[in-house]
Amino acid sequence: MSRIYKNLLIILSSFFLLSSIVILGILWTFSNNIPDYKFLKSYKPPVSSKVYSGNGELVADFSKEKRIFVPFQSIPKNVINAFLSAEDKNFFSHPGVDAKGVLRAVVNNIQNYLKSKRLEGASTITQQVAKNFLLTNEVSLNRKIKEAILAFRIERALSKERILELYLNQIYLGSGAYGVAAASLEYFDKSIKELNYAEAALLAALPKAPSKYNPYRNIKLAKFRRNLVLQNLLDNNFINTKQHEKLKNENIILKKSKKIYLEDAQYFIEDIRKSIIEQLSYEKVYKQGFNINTPINLELQKFATESLRKGLISYDKRKGWRGSLTNKKYDENWFNDLEKYKLEKSIGWKIAIIKDFDKFSATIELEDKTIGKIKYKEITWTKKEFDELFKLGDVVYVKELSKNKYGLKQLPKINGGIIVMDPFTGRVFALSGGFSFKNSEFNRATQALRQPGSAFKPFVYALALEKEYTPTSLVLDAPLVLDQGIDLKLWKPENYGKKFYGLSTVRVGLEKSRNLMTVRIAQNLGIDKVAKFSKELGIYENPEKLLSISLGSAETTLIKLTSAYSAFINGGKLVKPIIIDRIQDSEGNTLINNENRTCTNCDQISFLSNDYPKIKDNYKQVFTPQTAYQITSLLEGVIQRGTGKKLKKLKLNLAGKTGTTNENTDTWFIGYTSNLVIGVYVGMDNPQPLGKYETGSKTALPIFENFVKKAVKKYDARPFKVPQGITMMVVDSFTGQKAKFSSKDMIMEAYKNDNVVNGKVLYSNYNRLDTNNILKFY
């Protein structure tokens, strides 16, 4: 008998030894072919870069995956407990692989196999970290062995807290959200610190099958899975019976994170994205989690976008109906393949098909099968009858006016841009580069190179005022023919309306936008100086030295021209447009700071100190504060008596200038208050005449007007600040002479102190010579 036991012992020992050798051989073989796991010690998952408005509101994020990294110490206990109960209750006690869990899974899977049920796994959180970071999703014994080996090694190299931190920030939880923080925002619009146990349990229910248990897709199945996690929480003594009864009966209340920006700021956001990538690289922007502070003012952005769209629609309606989007055979799937026609929701238009029409109305069907009517009064702008407008099956844009009543809409052929800036810093508060970003991503505010026309004239006059002209200097408005050089035709500029007005003051020349006066002033100053001045202001890069540039014949962008106008408000200083205030990395280190001002004595903490804080800037002085104010005064005259007089009814302190190029091809209005400068451009993407009478005053100015009505209150539009060195005198606006009190043309004119002696305007020899010379040029 003892011999039998001895033989059995030898056999068992041999089997154990052989098994050990085989197991060790397998482990040794796989150990030499597993990935390096040591990088997990310092690994940080790709994190989205966040864009914030000037008020700190989240307006965009740049990422390949929705993810917010949260350190372990910031993850609340209820979230940790929920995931441990759902995924690995023995996490803090096993060495990487849970032997009890494996044994339980083997027993259960035998039963599941016999009953044709789905097999269950026994992967620990550590094993899932190994799979997610280092292995593929291949279902094989090979991968499971590697996973187990890696789990043991990871446990030896990393703390339990670090492993759990990696897991909770890396795990996919459906709806594009990676990690618990991003998922909390995606499903509940909450910080993870605000989650209760029911909400935490729902998140913990998702890793098993993120698509299947997604509450947006199947809320009943999601609730069933959530309640299983709540039962596990009860079994593991994380909650008591009373809490469990209450939590399992709670409904799932979802709330998507509010996308404040959605569509209205997309042109602005895209320019920010391009700028950051150019400075920091695509990989860094999309993986390193930068915090990007911008000057965007969401309210002003909304007003700017709405005003631009309204103005473009208004022009387009004046030109009539161009036709339907397409024509389709009406059936239950008529709305298929229309994705390319869809616009931003903020526009408020829907796609509809014409089902029937008569002389008085048209019957339409929307994509959601809603039936509506377009009444005759809603198509009067087309100047056509229903049978001229439509064919059955025509697909068109409509806008709901009231229940089941719709207006006919048309995507404008014309386009444009608007920009709103702080003239003292260059910070851009609002920017829109077109009617619809979905329809066209081309940004007309920053990319479209166009001729500014008369909107450039104020800079010619500013240079003249710097060279001893005064607002009442007389300049001849008469025919002019100029030789532009070898192989170039003679140039014969004309005024709008082709009239001539004789001797007129500088003020009248700018207020009435007289071309011939402007050319004569530029000729007297010297075109070299005008070109150099425009380049110094950043309007043009390398303008041709032709007199025609004085009338805005060279090309620039709306953002450059608007930025240059800032100098008229801020005292003659050159500011550059800023679309990004500051960029910080994920640890709060500042990478880029566009603040160009410094504060002296801002660190003083004593209320008794006489060293008051002073803000200083290093902006370049391009012309004197006195010249800046004189131009502002002239541009106020444009609003009161000139090409911008449509704005006079607003009764606000406004200044500005219209711009219209040859054949009314490009139209502009650049205007400002004492603290905002607003630029508007309107034109075709493929430049062509806009039509007779379609000037800057008719197309661009109404957009400016609409924006100002919404955004500027009377107390915001304070009188423009008069700098030292200016003397105010009562004169006749047309003659420049001392005005009689009965004169209807009496105005307060601004002169530099150097031009006034004993209450009289002193005309220098330069001014007299200027007038005499100009008289000879016709």
| remark: Lys259 vs (1) surrounded by fewer than 16 Cβ atoms within 10 Å (Cβ to Cβ); (2) modelled with pLDDT of 90 or more: all pass except (2)
| request: Go through region 679-701 and give me each residue that's open to solvent by 50 Å² or more (accessible area, probe 1.4 Å), touching a Phe, Trp or Tyr at 6+ places or on another chain (Cβ under 9 Å) and either farther than 20 Å from Phe442 by Cα or part of a helix (DSSP H, G or I) (or both). | output: Lys698
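Residues of region 232-251 being outside any helix (DSSP H, G or I), crowded, with 18+ Cβ neighbours inside 10 Å and not aliphatic (A, V, I, L, M), which ones?
Answer for region 232-251, where residues must be outside any helix (DSSP H, G or I), crowded, with 18+ Cβ neighbours inside 10 Å and not aliphatic (A, V, I, L, M): just Phe238.
I want to confirm something. Restricting to region 641-661 and keeping residues that are touching a residue at least 40 places away in the same chain (Cβ under 8 Å) and assigned to a helix (DSSP H, G or I), which single residue is most open to solvent (accessible area, probe 1.4 Å)?
Lys646
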| task | Starting from region 461-473, take each residue that is open to solvent by 10 Å² or more (accessible area, probe 1.4 Å) and list its partners that are not in a loop (DSSP other than H, G, I, E, B), counting only C-beta distances under 7 angstrom and pairs at least six apart or across chains. | result | Leu463/Leu525; Leu463/Lys529; Leu463/Val530; Leu463/Phe533; Glu466/Thr627; Lys467/Leu525; Glu468/Tyr766; Glu468/Asn767
| task | Kindly indicate which of Glu694, Glu636 is under 25 Å from Arg427 (Cβ atoms) and either at pLDDT below 95 or among the acidic types (Asp, Glu) (or both). | result | Glu636
| Top-ranked residue of region 265-293 - restricted to ones that are aromatic (Phe, Trp, Tyr) and either out of contact with any helix residue (DSSP H, G or I) (no Cβ under 9 Å at 6 or more places or on another chain) or closer than 22 Å to Gly56 by Cβ (or both), ranked as most open to solvent (accessible area, probe 1.4 Å) | Tyr282
| query | Which pairs do you get when a residue that is within 17 Å of Asn293 (Cα to Cα), found in region 46-72, comes within reach of a residue that is aromatic (Phe, Trp, Tyr) and assigned to a loop (DSSP other than H, G, I, E, B), reach meaning Cβ atoms under 6 angstrom, with the pair 6+ apart or on two chains? | reply | Val47/Phe69; Ser49/Phe290; Val59/Tyr261; Ala60/Tyr261
| Across region 154-180, which residue is farthest from Thr124 (Cα to Cα) among those that are open to solvent by less than 20 Å² (accessible area, probe 1.4 Å) and in contact with a strand residue (DSSP E or B) (Cβ under 6 Å, 6 or more places away or on another chain)? | Ala177
| query | Which one of these is modelled with pLDDT of 80 or more, open to solvent by less than 40 Å² (accessible area, probe 1.4 Å), in a helix (DSSP H, G or I) and closer than 18 Å to Ala177 by Cα: Val59, Val79, Val70? | reply | Val79
| Under 8 Å by Cβ, and 6 or more places apart or on different chains, what pairs join a residue from region 211-232 that is more than 19 Å from Tyr178 (Cα to Cα) with one that is polar (S, T, N, Q)? | Lys223/Asn251; Val229/Ser85; Asn232/Ser85
| Members of region 175-199 that are closer than 24 Å to Ile239 by Cα and out of contact with any Pro (no Cβ under 8 Å at 6 or more places or on another chain) | Val180, Ala181, Ala183, Ser184, Phe188, Lys190, Ser191, Glu194, Asn196, Tyr197, Ala198, Glu199
| request: Would you check which residues across region 264-313 are basic (Lys, Arg) and either in contact (Cβ under 8 Å) with a residue 24 or more places away in the chain or under 22 Å from Leu701 (Cα atoms) (or both) and list them? | output: Arg273, Lys287, Lys302, Arg309, Lys310
| query | If you go through region 609-640 one residue at a time, how many are in contact (Cβ under 8 Å) with a residue 12 or more places away in the chain and surrounded by fewer than 15 Cβ atoms within 10 Å (Cβ to Cβ)? | reply | 8
| query | So is Lys709 surrounded by fewer than 16 Cβ atoms within 10 Å (Cβ to Cβ) and part of a loop (DSSP other than H, G, I, E, B) or not? | reply | no
| request: Answer yes if at least one residue in region 144-152 is modelled with pLDDT of 80 or more, among the small types (Gly, Ala, Ser) and open to solvent by less than 30 Å² (accessible area, probe 1.4 Å), and no otherwise. | output: no
| said: Just to check your reading of the model, which residue among Leu551, Leu503, Leu558, Leu516 is crowded, with 22+ Cβ neighbours inside 10 Å, within 28 Å of Asp745 (Cβ to Cβ) and touching a strand residue (DSSP E or B) at 6+ places or on another chain (Cβ under 8 Å)? | reply: Leu516
| field | Residue count, region 298-345 (criterion: open to solvent by less than 40 Å² (accessible area, probe 1.4 Å) and basic (Lys, Arg)) | value | 1
| message | Looking only at strands (runs of 3 or more DSSP E) that lie completely in region 544-610, which have at least 1 residues being at pLDDT 95 or above and under 22 Å from the mean Cα position of the chain (by Cα)? | response | 582-584
| request: Might you let me know whether region 283-304 holds any residue that is over 30 Å from Glu587 (Cβ atoms) and over 20 Å from the mean Cα position of the chain (by Cα)? | output: no
| note | Per the filter on region 401-450, residues assigned to a strand (DSSP E or B), open to solvent by 10 Å² or more (accessible area, probe 1.4 Å) and touching a residue at least 60 places away in the same chain (Cβ under 8 Å) are Lys409, Asn415, Arg427, Phe429, Arg450
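The values are calculated or read from the model by the stated rules, or taken from the named source; none is laboratory data. Values in this document were obtained by computation on a predicted structure and should not be read as measured data. All Cβ positions, even for glycine, are placed from backbone atoms using ideal geometry, and neighbour counts span all protein chains on display. Surface areas here come from the heavy atoms of the whole protein model, side chains and all, with no ligands, DNA or RNA. Shrake-Rupley method; radii C 1.70, N 1.55, O 1.52, S 1.80 Å.
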